[in-house]
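Colleague: To start, I am sharing the structure in question, which I have written as structure tokens.
The values are calculated or read from the model by the stated rules, or taken from the named source; none is laboratory data. Keep in mind it's a predicted model, so treat the numbers as computed, not measured. No Cβ is skipped: glycine too gets one built from the backbone with ideal geometry, and neighbour counts run over all protein chains shown.
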2 protein chains.
Amino acid sequence: MRLLPEPTPEALTLASVLYAFGDPVRLELVRRASSEPGAPCAVEGLNVPKSTLTNHWRILREAGVVRMAADGRYRRTWLREDDLNGRFPGLLDAVLQLSDHERSYSAMP
Amino acid sequence: MRLLPEPTPEALTLASVLYAFGDPVRLELVRRASSEPGAPCAVEGLNVPKSTLTNHWRILREAGVVRMAADGRYRRTWLREDDLNGRFPGLLDAVLQLSDHERSYSAMP
């Protein structure tokens, strides 16, 4: 597997990480990366064009939120939990938890 | 004073609030709104054009992060702490605290 370029943990900034979280599709990608480490970038059930999805993954990778690796014909992703928790303690868990809550809230009849 | 249009607390979304936080200038505006409720939008010491600043305040207002009111020739701003804490418990405090920490970190020689 070949790792795609990514910022070092020291280079992460709060603003760019918050920006990366700041989109409903990217929040969903973060949730999936959290629950399925190493899963391919191609994601079922999201009603967005492939090019849009590629762009969202790129924003997450360049902000340091996810790690991506080329694995043959797949690109696989991992959430950079340790790096995020080291630099911004509590932020990732808060965002994942609030996102879970918002999903269940908006799914109510 | 005349209140500018803003979303109701129920209309706030996690993604748009995170997006609003996701810029270094907007993070600084949030910090100032937090420490100086009702202060005018014109902010000293930020090296950005007035039109850019106006745009950043608008993004914060439209996401529901700040309240703005026209007061004669001023526009005044308040952080919507109660609404944010009601909808996204813990998020605002986490972001303010991490932002403080990042500032002191990056200010170190």
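Colleague: Which condition does B:Ala42 not pass, out of (1) more than 14 Å from every other protein chain (Cβ to nearest Cβ); (2) over 14 Å from B:Phe21 (Cβ atoms); (3) part of a helix (DSSP H, G or I); (4) not hydroxyl-bearing (Ser, Thr, Tyr), if it passes all the others?
Modeller: (3)
Conditions (1) among the β-branched types (Val, Ile, Thr); (2) farther than 24 Å from A:Phe21 by Cα, marked per residue:
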{"residue": "B:Val48", "(1), (2)": "yes, yes"}
{"residue": "B:Leu53", "(1), (2)": "no, no"}
{"residue": "B:Val66", "(1), (2)": "yes, no"}
{"residue": "B:Leu91", "(1), (2)": "no, no"}
{"residue": "B:Tyr105", "(1), (2)": "no, no"}
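Colleague: Looking at segment B:18-29, which of its residues are crowded, with 22+ Cβ neighbours inside 10 Å and more than 7 Å from every other protein chain (Cβ to nearest Cβ)?
Modeller: Residues satisfying the conditions are B:Ala20, B:Arg26, B:Leu29.
Colleague: Can you tell me which residue in segment A:62-76 is surrounded by the fewest Cβ atoms within 10 Å (Cβ to Cβ), limited to those that are more than 14 Å from A:Pro9 (Cβ to Cβ) and touching a strand residue (DSSP E or B) at 6+ places or on another chain (Cβ under 6 Å)?
Modeller: A:Ala70
Colleague: Among the residues that make up segment B:77-84, is at least one of them farther than 24 Å from A:Ala63 by Cβ and out of contact with any strand residue (DSSP E or B) (no Cβ under 9 Å at 6 or more places or on another chain)? Quick ask: steps written out before the conclusion?
Modeller: As a first pass, look at segment B:77-84 and keep what is farther than 24 Å from A:Ala63 by Cβ: B:77-83.
Still in the running and out of contact with any strand residue (DSSP E or B) (no Cβ under 9 Å at 6 or more places or on another chain): B:81-82.
Checked segment B:77-84: at least one residue is farther than 24 Å from A:Ala63 by Cβ and out of contact with any strand residue (DSSP E or B) (no Cβ under 9 Å at 6 or more places or on another chain).
Colleague: Let me ask you something else. Can you find, within segment A:1-17, the residue that is surrounded by the most Cβ atoms within 10 Å (Cβ to Cβ) among those that are over 13 Å from B:Leu18 (Cβ atoms) and aliphatic (A, V, I, L, M)? Outline the logic, then answer.
Modeller: Step one: of segment A:1-17, the residues over 13 Å from B:Leu18 (Cβ atoms) are A:1-13.
If we keep only those that are aliphatic (A, V, I, L, M) as well, we get A:1, A:3-4, A:11-12.
Values: A:Met1: 12, A:Leu3: 9, A:Leu4: 17, A:Ala11: 10, A:Leu12: 21.
Looking at residues that are over 13 Å from B:Leu18 (Cβ atoms) and aliphatic (A, V, I, L, M), I get A:Leu12.
Colleague: How many of the residues in segment A:18-39 are out of contact with any Ser or Thr (no Cβ under 7 Å at 6 or more places or on another chain), in contact (Cβ under 8 Å) with a residue 12 or more places away in the chain, over 18 Å from B:Ser16 (Cα atoms) and assigned to a helix (DSSP H, G or I)?
Modeller: Qualifying residue count for the region: 1.
Colleague: Got a number for residues in segment B:51-109 being farther than 30 Å from A:Gln97 by Cα, of a type in the set (Phe, Trp, Tyr) and within 14 Å of chain A (Cβ to nearest Cβ)?
Modeller: Matching residues across segment B:51-109 total 0.
Colleague: Now a separate question. Return the residue satisfying two criteria in turn: it lies in segment B:42-58 and is of a type outside the set (Phe, Trp, Tyr) and buried (at least 18 other Cβ atoms within 10 Å of the Cβ), and of such residues it is modelled with the highest pLDDT. Let's see the steps before the verdict.
Modeller: Applying the first criterion (of a type outside the set (Phe, Trp, Tyr)) to segment B:42-58 yields B:42-56, B:58.
Next, from what is left, pick out any that are buried (at least 18 other Cβ atoms within 10 Å of the Cβ): B:43, B:56.
On the way: B:Val43: 82, B:His56: 97.
The residue in question is B:His56.
Colleague: Out of segment B:77-98, which residues are part of a strand (DSSP E or B) and closer than 15 Å to B:Pro9 by Cα?
Modeller: Within segment B:77-98, the first condition is being part of a strand (DSSP E or B), and the residues that meet it are B:77-79.
Listed by number, the residues that qualify are B:Trp78, B:Leu79.
Colleague: Step by step: first the residues of segment A:95-109, then only those that are without any contact (Cβ under 8 Å) to a residue 60 or more places away in the chain and in contact with a Leu (Cβ under 6 Å, 6 or more places away or on another chain), then the one that is surrounded by the most Cβ atoms within 10 Å (Cβ to Cβ). Which residue is that?
Modeller: Initial filter on segment A:95-109 (without any contact (Cβ under 8 Å) to a residue 60 or more places away in the chain): A:97-98, A:101-109.
Going one step further and asking which of them are in contact with a Leu (Cβ under 6 Å, 6 or more places away or on another chain), we end up with A:98, A:102.
Numbers: A:Leu98: 20, A:Glu102: 18.
Among residues in segment A:95-109 that are without any contact (Cβ under 8 Å) to a residue 60 or more places away in the chain and in contact with a Leu (Cβ under 6 Å, 6 or more places away or on another chain), the one surrounded by the most Cβ atoms within 10 Å (Cβ to Cβ) is A:Leu98.
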